[in-house]
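Working notes, beginning with the structure itself.
Read-outs: derived from the displayed coordinates by stated rules, not from any lab. Computed from a prediction, not measured in an experiment: that's the story for all the values here. Reconstructed Cβ throughout: ideal geometry from the backbone, glycine too, with neighbour counts over all protein chains shown.
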Amino acid sequence: RSLQLIRVNKAMEELTQYSEGALLNRRNGDLFPLEQAQLFDQTDHQVLQSGKLQAQEEYLTDHQNKTHVLHTKRVPVYSRGGELQYLLSISEDITQRKRSELALKNTLEELRIRNHELDNYVY
């Protein structure tokens, strides 16, 4: 509820380049640039208020100023009695996939242009 990290996995440590000890009990504002932290907090609060899972792409800048594209799912976690206990955030780093998609798109556009040029030449 306080939006403090109470558990992290190795993937989070690798993504942020912070150790588990440096991550625990921290908030988004302690770890990420202000604008990103505010966006993360806003989305976290939306999920907590709605009580519904939310999935989206988002950008994260680590402390080495590298930008990552994440696919993040946020899930409210309730006690057996129905009381909101936690917010579970699951992020997959899809940066490489996005780069590959962009490269493919650029290649296809280049092929389309060359094909058009060949058609004109043949004509």
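Descriptive notes on the structure:
- Start at zero, step by 10 Å, and the Cα-Cα distances of segment 40-115 spread as 17, 33, 24, 16, 8, 3, 0 percent across the bins.
- Computed lengthening from A55 to H71, 0.36 nm per intervening residue step minus Cα-Cα distance: 5.0 nm
- Computing FRET efficiency as 1/(1 + (r/R0)^6) for R80 and N9, where r is the C-beta to C-beta distance and R0 is 30 Å, gives about 0.75.
- In summary, the aspartates and glutamates within cross-link reach of K52, defined as a Cα separation below 20 angstrom excluding same-chain residues under 8 places away, comprise D41, D44, E83, E92.
- A straight Cα-to-Cα reach below 16 Å connects K66 with the lysines K98, residues fewer than 8 places away in its own chain not being considered.
- Pairwise centroid distance, computed over Cα atoms, of segment 5-35 with segment 45-113, Å: 16 Å
- Most mobile of L39, L60, L111 in a GNM of the chain (Cα contacts under 10 Å): L111
- Charge dipole (segment 10-65, unit charges on Cβ, about Cα centre) - positive-most of T61, L23, Q46: Q46
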